């Protein structure tokens, strides 16, 4: 195998540290599901754990990135990832104008703002308000004039509809003069401060200089958010390919304020990818994080680090919809791979060499997987996890599906190398030559809205980290450099090359 001398040296040192002679046989590889923490003494409570992380010039409050997949990362998912403190990544095989249009909408998105609430006119009858309440379960209905000027708010929970349904809503609304309002130019932090600290301030209608309604902020929506920003704009990323024409996308993305450029390939340790990465680095000049992958070896990490990428994505074959290991024979069990990645980064830093951040990508499907992987990675890219939410592109476009249990409570999920994805790529990139699939289509159980579920999952991840006595991810990685921090459970074992989607493959 072609490896740099530095990669050979790091690899030899790594195996010696494990007491293994790599020339005597094939080292055993462990998947994520076969490993869990061996718990120890701790003085850290779960709610004290800090999950924030840095990847080059960007900071995430939550170390998650949504996979650059057309079943996962549509505009709604990108917006929700920003609100959660994570980073959503658009997929690459989409027309350039469509990709940039979605990104620009996210970059102009106002977190937690309900931009187009259901409204009524002052002379509308109460029975119309009741219809809105029954249909949407809204308890707050703005009352506006014909030209959009806010006149008041109708609170349906304080109205006795019986006997009054033909009366105008203006007789029951709280008039504008009694409302607490906010300007549309106010920052997210300014709105948050008012809603979480000001007495009797459970909502804030937003108006412009002409008093026209621009939306409403609700206090309840701020309990589960911790937005990530980049240069005062929502943090969002875009995936590009190693095709030369994609350099124009990089220029355009940087111009509108994209925070991460992800050079997405099934084989990141290749000449085409490395040459494209060099071009992207020259363009970005640290204005955005340059993330390149995927690799499954120390040599790939060394080569990409030395040219100056901010982060390297690890993982070939372990994804739930990925059959690369089965179809091509290439791949590496994820937990063992991340051990090599962690060792390589420490070696590079110790010897004064460029050392890219590490992102684990593939096979992470539950909170236990997340906790374990964060002991070796700075960030996690996930597809199966995010597709289960109502904000996923699959749910937004196709809705719920019938599953093997006969219930319509499942979401479609497909790999970017599946037949379905390849067909879509061909319609976008006419020069695409790939025909053989290395991915499948399947179903995952629907979980509902992302933010509510995510807050519960974070609590569980924090619990796993606190069991190690770690207050943050940096401390976690240091404490878990000793392999005795982990235990091997065969009961968790799962062939990572076998798709783990629930239900029947489509």
Query raised in the report: Which one of these does residue 95 not meet: (1) farther than 20 Å from residue 255 by Cα; (2) more than 14 Å from the chain's Cα centre (by Cα)?
Result: (1)
Report task. Considering (1) out of contact with any helix residue (DSSP H, G or I) (no Cβ under 9 Å at 6 or more places or on another chain); (2) at pLDDT below 95, say which one residue 35 fails and leave the rest. Result -> (1)
Query raised in the report: For the range 218-250, what are the residues that are crowded, with 20+ Cβ neighbours inside 10 Å and part of a strand (DSSP E or B)?
Result: 230, 234, 236, 237, 238, 239, 240
Query raised in the report: Does residue 413 satisfy being at pLDDT 85 or above and over 23 Å from residue 335 (Cα atoms)?
Result: yes
Requested in this report: Can you confirm whether the range 96-118 contains a residue that is farther than 30 Å from residue 234 by Cβ and out of contact with any helix residue (DSSP H, G or I) (no Cβ under 6 Å at 6 or more places or on another chain)?
Outcome: no
Query raised in the report: Is it true that residue 77 is touching a residue at least 24 places away in the same chain (Cβ under 8 Å), in a loop (DSSP other than H, G, I, E, B) and crowded, with 21+ Cβ neighbours inside 10 Å?
Result: no
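Considering each residue of the range 80-103, count those that are in a helix (DSSP H, G or I), more than 24 Å from residue 192 (Cβ to Cβ) and touching a residue at least 60 places away in the same chain (Cβ under 8 Å), and give that number.
Matching residues across the range 80-103 total 4.
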Query raised in the report: Taking helices (runs of 4 or more DSSP H) that do not extend beyond the range 330-404, which have at least 1 residues that are closer than 27 Å to residue 14 by Cα, touching a strand residue (DSSP E or B) at 6+ places or on another chain (Cβ under 6 Å) and touching a residue at least 24 places away in the same chain (Cβ under 8 Å)?
Result: 334-350, 367-374
**Report entry** Every residue from the range 274-304 that is at pLDDT 95 or above, within 17 Å of residue 337 (Cα to Cα) and surrounded by 24 or more Cβ atoms within 10 Å (Cβ to Cβ)
**Finding:** 292, 295, 298, 300, 301, 302, 303, 304
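Have a look at 339, 379, 319, 362 and point out the one that is modelled with pLDDT under 95, within 18 Å of the chain's Cα centre (by Cα) and closer than 25 Å to residue 38 by Cβ.
Unique residue meeting the criteria: 362.
Residues 215, 253: which one is assigned to a strand (DSSP E or B) and modelled with pLDDT of 95 or more?
On the way: 253 fails: assigned to a strand (DSSP E or B).
Unique residue meeting the criteria: 215.
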Requested in this report: Only residues that are outside any helix (DSSP H, G or I) and either at pLDDT 95 or above or within 19 Å of the chain's Cα centre (by Cα) (or both): list them for the range 256-267, please.
Outcome: 257, 258, 259, 260, 261, 262, 263, 264, 265
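The values are calculated or read from the model by the stated rules, or taken from the named source; none is laboratory data. The structure presented is a predicted model; accordingly, all values stated were derived computationally and were not measured. No Cβ is skipped: glycine too gets one built from the backbone with ideal geometry, and neighbour counts run over all protein chains shown.
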